[in-house]
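A short worksheet on the structure shown next.
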Number of protein chains: 2
Amino acid sequence: MAEKKLVEAITSMDEDFAQWYTDVVKKAELIDYTSVKGCMVIKPAGYAIWELLQRQLDDRFKATGVQNVYLPMFIPESLLEKEKDHVEGFAPEVAWVTHGGLQPLQERLCVRPTSETLFCDFYKNDVQSYRDLPKVYNQWCSVVRWEKETRPFLRSREFLWQEGHTVHATAEEAEERTIQMLNVYADFCEEVLAIPVIKGRKTDKEKFAGAVATYTIESLMHDGKALQSGTSHNFGDGFAKAFGIQFTNKDNTLKYVHQTSWGMTTRMIGAIIMVHGDNSGLVLPPKVAPIQIAIIPIQQKKEGVLDKAYELKQRLEKNFRVKVDDTDKSPGFKFAEAEMRGFPLRLEIGPKDIEAGKCVLCRRDNGEKLEVALDKVEEKAAELLETIHHDMLERARAHRDEHTYVARNYEEFEKLFTEKTGFVKAMWCGEQTCEDAIKEKLSVTSRCMPFEQEQLTDTCICCGKPAKKMVYWGRAY
Amino acid sequence: MAEKKLVEAITSMDEDFAQWYTDVVKKAELIDYTSVKGCMVIKPAGYAIWELLQRQLDDRFKATGVQNVYLPMFIPESLLEKEKDHVEGFAPEVAWVTHGGLQPLQERLCVRPTSETLFCDFYKNDVQSYRDLPKVYNQWCSVVRWEKETRPFLRSREFLWQEGHTVHATAEEAEERTIQMLNVYADFCEEVLAIPVIKGRKTDKEKFAGAVATYTIESLMHDGKALQSGTSHNFGDGFAKAFGIQFTNKDNTLKYVHQTSWGMTTRMIGAIIMVHGDNSGLVLPPKVAPIQIAIIPIQQKKEGVLDKAYELKQRLEKNFRVKVDDTDKSPGFKFAEAEMRGFPLRLEIGPKDIEAGKCVLCRRDNGEKLEVALDKVEEKAAELLETIHHDMLERARAHRDEHTYVARNYEEFEKLFTEKTGFVKAMWCGEQTCEDAIKEKLSVTSRCMPFEQEQLTDTCICCGKPAKKMVYWGRAY
């Protein structure tokens, strides 16, 4: 029953992008809603994407010397309050535990919205000497932020993520690590998720509560809205001073450490859907596709067809994630289902193919079909999966570039955000008043000050004063 | 500084086992205490063991068809209350969230102590027809139980675990899955952790809140105390009736599903410590040792020594987890540190070894040293790691068997628990009154009714009535 609903038409993305998104997450069986308001169930098809993403990101972390740890999920209220900006940023959106068993607690505990304060409390004891530095720790866990409006993967009261937290002897080293991790995220997005990103720095208005500098990677969804896809923060010695994290330097003086943190979340599954998906459903980048090749037998009741399908599976699963759809549904139904679920390649094999010693490989991303000799199928599949990744990335990049505009003055800026959706590049004076005014009037936020700066004009598009930075603006998820 | 403390003597395990345990978890840097009472920080050396354990257990799950999912960490109070026995078992030890952000919640949420109720709430909608069955789902997450007394890994307010939750069309199939997963745990303990276990069924007194039957694997620690190391529960259709989880059968009738759940936790790191550890520190089973071979250069300042050490690392890390200790500490200090951390093999290489074309491999588990030709080192290391695993398992089995006693009557039973520590096998009538009396008098609990039953005597050692079952009794963590 559940299977049949899968291939009913989903809402067209051009008609109603939000409804299309909801249809895809439900019909590709990525999530389900729950009795716990604002929280979701991540179903096997969704969680398998997360596992692949997690393993590949974790491998990249470890290659840079990151070590994984696990800290408690609770933060005592007094600890959360130690850094002023931080508590102001997070206190309004945390969940409070007030009772343990049948007893009220002496002090409230919040469920971590992020763990800077806990890591500081830990590092305070763990770091004594310059010999203990740097510490480059990360944890994979879930965090809670009491959001009012929620959407699967994009914004939910509980979400899964990783949070890296590092301590360093010098400001330079902390800044280097902050940028290094931003680059890890950017490369990961392009090389694994086939999502191109803009790297840049957040304005002070948009930076993380307690950070000196927040760096971000921003991606553009199919509907022209921006998605903050990973952030990396340099805290300077602010948290160190609030928590008293000091070490004895080589010259025997006491010094404060410099710290960073960086995170990426399950919202990247939302990004995959909204960057690559189409009106037939999900389109998964090959490197995080739980099934890379779906083998669909044609006339499977004819002698030898299923045997050949299983034989191909056995051969292919040495290098790829493969399944055979041997259910009793029609091939057409199976095709539609494989499309909905976003499997990068479909392999069709029937009696005539077997006779001719070939099969058909069909690409999910562009529908292209290729006849392939059976003895060349591993080779061809490998090649095609590479090509699919490459083409998905380039298609997303082209879409983003086509939806990135330049505004030279406020009239152009307003017109663009009225008529178009996408990134708008424009010059800014650096004052928050202009940022506030733009947000107020157009519901648009500064996404980042990109590392690759251009001098579009000399003056701020908002106030006309001398421009300091080129900013990417957008409507964001 | 922190490094130097490592090799100070730890408390002898024969003198004070509890203090020895605490010393090892701290000095091998597995955990740290936190400002969050009853919760711990799992440090890199501890978390790396968990990652290896998790990956290998997860692979074994997946080989039996398990799929991973993620459900919310919160359970609304009304949901927790749906199954009577379950809520009675867990309500006294849950943490309650009463406020989200600045607002009080309409309904309290508990932080999951286990997720039967959430899975039931989910399956109620997810399962419609016999075609949807079975569902064999698992999640890796943390859970919270508000314990009064806590010990690192063994009992803490928050711990990491996996919890499998399955739904089946028939009682037989549910029972089969319950036993299958118990066997997965038992094999995993022996084949990966080198810990031998007793498989059996819990008495009704000791079974899980809401279960029809709880199966367990029990292991014996070095101090003769028992540790429940994994449990697998058959729920029958009790939860299904409480939550209304029904499906349309092939014959078009509505039926209740049958369910199971099963879990293993970070307490297994405690088991590794207490089964294999010795007075020099941790002894890690090779399959979960984050470092399997520690290369320690002798006279490392002499030309060619470090180069040779790095060359060996490069060769060995193709098949093993390896590190070179090239710090400026003395070799003796490095040896002691490698012992404290439990690395299965130490490779010593100095100028004389290089000249002679050999190195020394030293086993952590028994201190045995072997001279090995440099061109045979991969081969020999592989062989030794196999042998170490085998010997550790057999040593633990011999220790357990030597500390497993038989009591034929109450006098023997009492004498054994007064003079010895270990498992005592004795016959039982099946009545809870006898179990209660024994616990009351001797602080001893029934660990399990083993699958391998023996008829030791004809009567219950407590009441003298006809015996129904042989039970393993013990003092437990």
(request) From (1) under 26 Å from B:Ile31 (Cβ atoms); (2) within 8 Å of chain A (Cβ to nearest Cβ); (3) among the hydrophobic types (A, V, I, L, M, F, W, C), pick out the condition that doesn't hold for B:Leu53. (result) (2)
(message) Considering only region B:148-160, I want to know if a residue exists there that is touching a residue at least 40 places away in the same chain (Cβ under 8 Å), facing another protein chain (nearest Cβ under 9 Å), more than 24 Å from A:Gly100 (Cβ to Cβ) and surrounded by 20 or more Cβ atoms within 10 Å (Cβ to Cβ).
(response) no
(request) Filter region A:93-146 down to residues that are in contact with a Pro (Cβ under 7 Å, 6 or more places away or on another chain), at the interface with chain B (Cβ under 7 Å from one of its Cβ atoms) and open to solvent by 30 Å² or more (accessible area, probe 1.4 Å) and give me whichever is modelled with the highest pLDDT. (result) A:Glu93
(message) Just to check your reading of the model, which residue among A:Val184, A:Val167 is on the phi < 0 side of the Ramachandran plot and either buried (at least 22 other Cβ atoms within 10 Å of the Cβ) or assigned to a loop (DSSP other than H, G, I, E, B) (or both)?
(response) A:Val167
(request) With the condition kept exactly as written, say whether any residue in region A:426-438 is β-branched (Val, Ile, Thr) and surrounded by 15 or more Cβ atoms within 10 Å (Cβ to Cβ). (result) yes
(request) Tally the residues that are farther than 16 Å from A:Ala407 by Cα, in contact (Cβ under 8 Å) with a residue 60 or more places away in the chain and either hydrophobic (A, V, I, L, M, F, W, C) or in a helix (DSSP H, G or I) (or both), restricting the search to region A:431-477. (result) 4
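Yes/no matrix, rows are residues, columns are (1) open to solvent by less than 10 Å² (accessible area, probe 1.4 Å); (2) in a strand (DSSP E or B); (3) among the hydrophobic types (A, V, I, L, M, F, W, C):
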position	(1), (2), (3)
A:Asp223	no, no, no
A:Gln228	no, yes, no
A:Ala240	yes, no, yes
A:Trp262	yes, yes, yes
A:Gly270	yes, no, no
A:Lys287	no, no, no
(request) Give me the pairs, please: first residue somewhere in region A:76-100 and touching a residue at least 12 places away in the same chain (Cβ under 8 Å), second residue anywhere and surrounded by fewer than 16 Cβ atoms within 10 Å (Cβ to Cβ) and assigned to a strand (DSSP E or B), beta-carbon distance under 7 Å, and either six or more positions apart or on two chains. (result) A:Pro76/A:Glu107; A:Glu77/A:Glu107; A:Ser78/A:Glu107
(request) Could you run through region B:311-345 and say how many residues are closer than 12 Å to B:Cys362 by Cα and either more than 28 Å from the chain's Cα centre (by Cα) or surrounded by fewer than 21 Cβ atoms within 10 Å (Cβ to Cβ) (or both)? (result) 1
(request) Pick out the one residue from A:Ser78, A:Ser12 that is in contact with a helix residue (DSSP H, G or I) (Cβ under 7 Å, 6 or more places away or on another chain), surrounded by fewer than 16 Cβ atoms within 10 Å (Cβ to Cβ) and among the hydroxyl-bearing types (Ser, Thr, Tyr). (result) A:Ser12
(message) So B:Ile10 ticks every box in (1) away from every other protein chain (no Cβ under 11 Å); (2) modelled with pLDDT under 95; (3) out of contact with any strand residue (DSSP E or B) (no Cβ under 8 Å at 6 or more places or on another chain) but one. Which box is left unticked?
(response) (3)
(request) Could you tell me which numbered condition A:Ile31 fails, if it satisfies all but one of (1) open to solvent by 10 Å² or more (accessible area, probe 1.4 Å); (2) over 29 Å from B:Pro44 (Cβ atoms); (3) under 24 Å from the mean Cα position of the chain (by Cα)? (result) (1)
(request) Assess whether B:Ala45 counts as being surrounded by fewer than 23 Cβ atoms within 10 Å (Cβ to Cβ), more than 7 Å from chain A (Cβ to nearest Cβ) and either within 24 Å of A:Val143 (Cα to Cα) or of a type in the set (A, V, I, L, M) (or both). (result) yes
(request) Give B:Lys318, B:Lys255, B:Lys313 a once-over and let me know the one that is over 30 Å from B:Asp23 (Cα atoms), in a helix (DSSP H, G or I) and among the basic types (Lys, Arg). (result) B:Lys313
(request) Scan region B:15-28 for residues that are in contact (Cβ under 8 Å) with a residue 24 or more places away in the chain and either outside any helix (DSSP H, G or I) or open to solvent by less than 20 Å² (accessible area, probe 1.4 Å) (or both) and jot them down. (result) B:Trp20, B:Tyr21, B:Val24, B:Val25, B:Ala28
(message) Condition first: out of contact with any strand residue (DSSP E or B) (no Cβ under 9 Å at 6 or more places or on another chain) and either open to solvent by less than 30 Å² (accessible area, probe 1.4 Å) or small (Gly, Ala, Ser) (or both). Now tell me which residues in region A:385-401 satisfy that.
(response) A:His389, A:Met392, A:Leu393, A:Ala398
(message) I need the full set of residues from region B:437-460 which are more than 31 Å from the chain's Cα centre (by Cα) and either hydrophobic (A, V, I, L, M, F, W, C) or under 22 Å from B:Lys225 (Cβ atoms) (or both), in order please.
(response) B:Cys460
(message) One residue is enough: does region A:352-365 have a residue meeting the conditions in contact with a helix residue (DSSP H, G or I) (Cβ under 8 Å, 6 or more places away or on another chain), modelled with pLDDT of 95 or more and exposed (fewer than 13 other Cβ atoms within 10 Å of the Cβ)?
(response) yes
(message) Give all pairs with beta carbons closer than 9 Å in which a residue from region B:213-237 that is farther than 30 Å from B:Lys84 by Cβ meets a residue that is open to solvent by 10 Å² or more (accessible area, probe 1.4 Å) and assigned to a strand (DSSP E or B); count only pairs at least 6 apart in sequence or on separate chains.
(response) B:Ser219/B:Ile198; B:Ser219/B:Gln228; B:Leu220/B:Ile198; B:Leu220/B:Thr404; B:His222/B:Asp278; B:Lys225/B:Ala476
(request) Inspect all residues belonging to region A:298-317 and state whether any of them is under 22 Å from A:Leu193 (Cα atoms) and basic (Lys, Arg). (result) no
(message) For the structure I just gave you, tell me whether B:Leu456 is crowded, with 21+ Cβ neighbours inside 10 Å and either touching a helix residue (DSSP H, G or I) at 6+ places or on another chain (Cβ under 8 Å) or hydrophobic (A, V, I, L, M, F, W, C) (or both).
(response) no
(message) So for region A:234-254 (the condition being of a type in the set (Ser, Thr, Tyr) and closer than 28 Å to A:His399 by Cβ), does at least one residue qualify?
(response) no
(message) Given the criterion open to solvent by 40 Å² or more (accessible area, probe 1.4 Å) and among the polar types (S, T, N, Q), identify the matching residue among A:Thr421, A:Thr404.
(response) A:Thr421
(request) State whether one or more residues within region B:373-380 are under 23 Å from B:Glu191 (Cα atoms), assigned to a helix (DSSP H, G or I), in contact (Cβ under 8 Å) with a residue 12 or more places away in the chain and of a type in the set (A, V, I, L, M). (result) no
(request) May I ask you to list the residues in region A:56-92 that are in a helix (DSSP H, G or I), at the interface with chain B (Cβ under 9 Å from one of its Cβ atoms) and in contact with a Leu (Cβ under 9 Å, 6 or more places away or on another chain)? (result) A:Leu79, A:Ala91, A:Pro92
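The values are calculated or read from the model by the stated rules, or taken from the named source; none is laboratory data. All of these numbers come straight from a predicted model, not from anything done at the bench. Cβ atoms come from the backbone with ideal geometry, glycine included; neighbour counts cover every protein chain shown. Please note that ligands, DNA and RNA were not included when accessible areas were found on the heavy atoms of the full protein model with its side chains. Shrake-Rupley method; radii C 1.70, N 1.55, O 1.52, S 1.80 Å.
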